[in-house]
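Undergrad: Attaching a single structure in structure tokens format; questions to follow.
The values are calculated or read from the model by the stated rules, or taken from the named source; none is laboratory data. Every value quoted in this text rests on a predicted model; they were computed, and no experiment measured them. Here the Cβ positions follow ideal geometry from the backbone for every residue, glycine too, while neighbour counts run over all protein chains shown. Note: areas computed on protein heavy atoms with side chains; ligands, DNA, RNA excluded. Shrake-Rupley method; radii C 1.70, N 1.55, O 1.52, S 1.80 Å.
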Amino acid sequence: MQDREREITLRFLAEPTDVNFGGKVHGGAVMKWIDQAGYACAVAWSGQYCVTVYVGGIRFHRPVLIGNVVEVSAKLIYTGKTSMHVAVEVSAGDPKEGLYAKTTQCIIVFVAVDDRGTPVEVERWEPESEQDVAFERYAKKLMDLRKDTDKEMSPHGIALY
Ligand SMILES: CC(C)(COP(=O)(O)OP(=O)(O)OC[C@H]1O[C@@H](n2cnc3c(N)ncnc32)[C@H](O)[C@@H]1OP(=O)(O)O)[C@@H](O)C(=O)NCCC(=O)NCCS
């Protein structure tokens with residue numbers, strides 16, 4: 001059993017200031033919540049300041065409505081030498097009905113850094129349950145897939161400007 005906190009959930013109301021031009025919650029607001037929950041999870045695990053190095057696989061399944069209760073859950077699913085891979089899931093629903101549904105999910109990778117922004121080693125997370133093992137396998141598979149994407153997107157690939 002590892003002592004450090006491995007997961008965190010933020011709960012709050014979607015406010016009118018989060019609105020987009022269609023009257024629902026702005027995708028950028030959802031991405032900010034995802035980053036915040038993932039950050040809190042990575043910092044709690046590493047005990048260090050962390051920066052986001054990669055955000056991937058973000059999928060908006062359904063909109064979040066203003067006035068919904070929003071739950072943003074972040075769970076560590078893999079640790080490298082200095083990186084922490086965090087799965088984040090957002091669910092939301094009308095508090096009057098009490099029915100909550102998944103709206104968004106993604107994977108974020110954080111790196112623990114020192115005062116100068118240099119990556120520092122993090123404690124290894126060991127999978128304990130079968131589900132943990134599956135999560136870790138999933139994170140590793142995404143890492144492999146990213147190698148191809150990163151190559152395509154490298155400075156030698158397509159330049160926009
Ligand atoms: C994150 C940062 C410190 C990494 O520096 P770096 O010199 O590339 O460091 P490294 O090459 O040693 O990589 C550090 C870790 O990042 C991981 N990493 C690098 N590129 C990655 C990518 N595209 N996807 C996932 N992980 C990646 C590496 O695998 C390594 O993890 P490991 O130690 O567990 O193996 C640097 O890129 C940075 O400062 N980026 C900007 C961060 C930022 O401003 N974020 C937004 C606001 S918080």
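Undergrad: Out of all the residues in the stretch 110-138, which are away from the ligand (no atom under 15 Å from the Cβ) and more than 20 Å from the chain's Cα centre (by Cα)?
TA: E128, S129, E130
Undergrad: Search the stretch 17-72 for residues being charged (D, E, K, R) and more than 15 Å from V109 (Cβ to Cβ), and hand back the single one that is nearest to the ligand (Cβ to nearest atom).
TA: K32
Listed here are the residues, each with its yes/no results for (1) free of Cβ contacts under 8 Å to residues at least 60 places away in the same chain; (2) polar (S, T, N, Q); (3) assigned to a loop (DSSP other than H, G, I, E, B).
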{"site": "Q2", "(1), (2), (3)": "no, yes, yes"}
{"site": "I34", "(1), (2), (3)": "no, no, no"}
{"site": "I58", "(1), (2), (3)": "yes, no, no"}
{"site": "P63", "(1), (2), (3)": "yes, no, yes"}
{"site": "G67", "(1), (2), (3)": "yes, no, yes"}
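Undergrad: When K81 is evaluated against the numbered criteria (1) away from the ligand (no atom under 16 Å from the Cβ); (2) surrounded by fewer than 14 Cβ atoms within 10 Å (Cβ to Cβ); (3) under 28 Å from Q131 (Cβ atoms), which criterion, by number, is the only one it fails?
TA: (1) is the only condition that K81 fails.
Undergrad: So, in the stretch 62-78, exactly how many residues are touching a Lys or Arg at 6+ places or on another chain (Cβ under 6 Å) and either within 25 Å of Q131 (Cα to Cα) or open to solvent by less than 30 Å² (accessible area, probe 1.4 Å) (or both)?
TA: Adding up the residues that qualify gives 2.
Undergrad: Among the residues of the stretch 102-161, which ones are part of a loop (DSSP other than H, G, I, E, B), surrounded by 12 or more Cβ atoms within 10 Å (Cβ to Cβ) and out of contact with any Asp or Glu (no Cβ under 6 Å at 6 or more places or on another chain)?
TA: Within the stretch 102-161, E121, V122, E123, W125 meet the criteria.
Undergrad: Please enumerate the residues belonging to the stretch 85-100 that are open to solvent by 30 Å² or more (accessible area, probe 1.4 Å) and more than 26 Å from A44 (Cα to Cα).
TA: D94, P95, K96, E97, G98, L99, Y100 - these are the residues of the stretch 85-100 that are open to solvent by 30 Å² or more (accessible area, probe 1.4 Å) and more than 26 Å from A44 (Cα to Cα).
Undergrad: Right, next: With respect to G98, determine if the residue is of a type in the set (G, A, S) and either under 16 Å from the mean Cα position of the chain (by Cα) or farther than 25 Å from N20 by Cα (or both).
TA: Taking the combined requirement at face value, the residue does not satisfy it.
Undergrad: Just one of the numbered conditions (1) assigned to a loop (DSSP other than H, G, I, E, B); (2) open to solvent by less than 20 Å² (accessible area, probe 1.4 Å); (3) of a type in the set (F, W, Y) is not true of W45; which one?
TA: Result: W45 passes all but (1).
Undergrad: From E121, E89, which residue is within 24 Å of D150 (Cβ to Cβ) and of a type in the set (D, E)?
TA: E121
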